[in-house]
Amino acid sequence: MYLAKVTGALVSTTKHISLNGAKLLMVARLDEHYQPTGSAQVAVDFVGAGNGEIVIISTGSSARMSNSKAHSVIDAAVVGIVDPQELS
């Protein structure tokens, strides 16, 4: 797991059936000082995160397990939102 900042949302009208109804977000990985480190990634949102929020990202098989649908194609999932008071 790692921290990331939501930088935007994506719309995809054609996607794998396991992603139907899922919200897709663009996220930028953060370092321990909450600074972006590298390229953006697409993550499936399970917690209702919004633009600009700091979130917890799970990847790999852990991300796939966060979805209730079997045989999901998820590689990264938003599994938590960091409370604003923790960022100072």
Inset, instruction - List every residue pair whose Cβ atoms lie under 8 Å apart, where the two residues are 6 or more positions apart in sequence or sit on different chains, the first residue falls within the stretch 23-47 and is polar (S, T, N, Q), and the second residue, located anywhere, is open to solvent by 60 Å² or more (accessible area, probe 1.4 Å). - result: THR37/ARG29; GLN41/ARG29
Inset, instruction - For SER66, indicate whether it is small (Gly, Ala, Ser) and at pLDDT below 85. - result: yes
Inset, instruction - Those residues that are open to solvent by less than 80 Å² (accessible area, probe 1.4 Å), of a type in the set (S, T, N, Q) and assigned to a strand (DSSP E or B), I need them from the stretch 8-55; list them, please. - result: THR37, GLN41
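The values are calculated or read from the model by the stated rules, or taken from the named source; none is laboratory data. On a predicted model such as this, the values are computed, not experimentally measured, just so you know. Methodologically, a virtual Cβ is constructed for each residue, glycine included, from the backbone with ideal geometry; neighbour enumeration extends over all protein chains shown. Just the protein is used for accessible areas: all its heavy atoms, side chains included, with ligands, DNA and RNA removed. Shrake-Rupley method; radii C 1.70, N 1.55, O 1.52, S 1.80 Å.
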